[in-house]
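To keep things clear, I will list the structure first and then write my remarks on it.
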Amino acid sequence: MAEENIITINGNELVFEPGETILEVARRNSIDIPTLCYLKGATPTGACRVCVVEVKEAKTLLTACTTPATTGMVVKTESKPVVEARKEIIELLLSSGNHNCAVRDSDNKDWTQFQLGVQEYDNSKELCPVWGDCRLQELAYRYQVTGKKFPGTKTKYPMETVNPMIVRDFSRCIHCGRCVQACNEIQVNNAISFGYRGADTKIVAAGDRPLVESDCVFCGECIQACPVGALVEKDARYKVRPWETQKVRTTCSYCGVGCQLELHVKDNQVVKVTGFDVPPNNGSLCVKGRFGYNFINHPDRLTKPLIKKNGEFKEASWDEALNLVASTLTTIKEKNSGDAIGVLTSARVTNEENYIANKFTRSVLKTNNIDHCARL
């Protein structure tokens, strides 16, 4: 690498690769530059402008996510002009829509009326469904910003709740574009895009229809990308807070890819699933991986073996059930050969368990009659 590829950020001389942006160099060197619209793996847009930095000899503040690092560049990430600009950006975002994340004056009469309106819109007496897990809220606290500086604006669009897995709350959308990029550039589903213009701007599916009537495959990538409460899992909305859960990393069992995910566990039950940002999936999941977990604690799930006696299923011990299966399979195999037997496994068990079933079927039962059920 050429020695002249040096950039100075907050007094630190750092080496950069040709083509890297200021944001990429800073993050690689553990220098925090806040963002709202930047999405790893997607084309940077600089839409939110929260990542503005001060560059020596530049006439204006520049967005770190879109500005390439150049030789001799001197950057300040938390100078007074930068902080003032970020505060104003955050204040504008908070004034638009139902951002009731406890950053307004709680003793103000206007706050009471505002909160009552939000509760009516949300049909909930609680604060924002992503309170404690919202990037905009984090930045509001970080820069000590309230939402009272600018007049509030109401949303033009009702909440979309008809979708089976995703609630779309347009009152909390900040038009950062992350969900659009996640859908179009990361998952390449091309199900949503920006619609209308100006104050009427809205994230829309084709024909401005609900997601359930569109090309959406409900992979949930948009939810994971959303930095606010505009997109939330329907089953988890207002039912769980981040501090109430424990994250457990595991491998998705629905296919052989080996996608890494995190189970959000509350009271020994999985309440939410998110992708883990490592290969092979790099944080992305399919509809089964993200939403296909309710069977784990479903009340209809069998917890004990059942044996049919006199036409009815009766609970049995594991030893009794296994002995019956072993003796029956042995009898069928000896009388009619292994090809008279078929084995059906599940896409809901681990790859290792399916592998064992495969080996048992082919090596012990001496048949290739094995398949699996892949229902969600």
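Shape index of segment 191-341: Rg/Rh, with Rg the Cα radius of gyration and Rh the Kirkwood radius from the inverse mean 1/r over Cα pairs, equals 1.15. Each label point was placed 7 Å from the Cα along the Cα-to-Cβ direction; for C255 and H298 their separation is 2.1 nm.
Sorting H298, H264 from the fewest to the most surrounding beta carbons within 10 angstrom yields H298, H264. Among the helices of the chain, none built from whole DSSP H runs has Cα atoms reaching 30 Å or more along its own axis together with a mean Kyte-Doolittle hydropathy of at least -0.5. Taking the helices alone, the chain has a mean residue ellipticity at 222 nm of -6500 deg cm²/dmol, built from -39,500 (n - 2.57) per DSSP H run of at least 4 residues and averaged over all its residues. A Förster radius of 30 Å, combined with the Cβ-Cβ distance separating A206 from E120, puts the computed FRET efficiency at roughly 0.45.
Would you mind classifying segment 242-297 by shape? Square roots of the alpha carbon gyration tensor eigenvalues, ordered a ≥ b ≥ c; an a/c under 1.5 is rounded, otherwise it is prolate if a/b is larger than b/c and oblate if not. Verdict is oblate for segment 242-297. When you count the other C-beta atoms within 10 angstrom of each residue and take the mean per peptide, 117-126, 62-71, 202-211 line up highest first as 62-71, 202-211, 117-126.
Taking other C-beta atoms within 10 Å as the exposure proxy, I370, I174 rank I370, I174 from fewest upward.
In terms of other Cβ atoms within 10 Å, M159, M73 run from fewest to most in the order M159, M73.
Taking the chain, how much of its Cα-Cα pair set, in percent, is spaced more than 41 angstrom apart?
Tail fraction, whole percent: 30.
Using a/c under 1.5 as the rounded threshold, could you call segment 198-253 rounded, prolate or oblate? The axes a ≥ b ≥ c are square roots of the C-alpha gyration tensor eigenvalues, and prolate needs a/b larger than b/c, oblate otherwise. Here segment 198-253 falls in the prolate category.
In plain terms, the chain from K40 to N369 could stretch by 114.0 nm, reckoned as 0.36 nm per residue minus the Cα-Cα distance. Between S346 and K149, the simple label model (points 7 Å from Cα in the Cβ direction) yields a spacing of 5.4 nm.
For the pairs K288/K308; K87/K149; K59/K80, flag any whose C-alpha to C-alpha distance is greater than 21 Å. Distance filter (> 21 Å) returns K288/K308. For segment 318-373, the Kirkwood hydrodynamic radius from C-alpha pairs, put into Stokes-Einstein at 4 °C and a viscosity of 1.567 mPa s, yields a diffusion coefficient of 109 µm² per second.
Shape class of segment 124-214 from the alpha-carbon gyration tensor: prolate, with a/c at 1.5 or above and a/b greater than b/c. Using only alpha-carbon positions in segment 146-190, the gyration tensor eigenvalues give semi-axes of 25, 16, 8 Å once each is multiplied by 5 and square-rooted (largest first). Take every pair of alpha-carbon atoms less than 8 Å apart whose residues are at least six positions apart; their mean separation over the length of segment 6-78 yields a relative contact order of 41 percent.
Throughout, read-outs are computed from the coordinates displayed, never taken from laboratory work. Bear in mind that the values here come from a model prediction, so they are computed numbers and not experimental data. In this analysis, Cβ positions are derived from the backbone assuming ideal geometry, glycine residues included, and neighbour counts consider all displayed protein chains.
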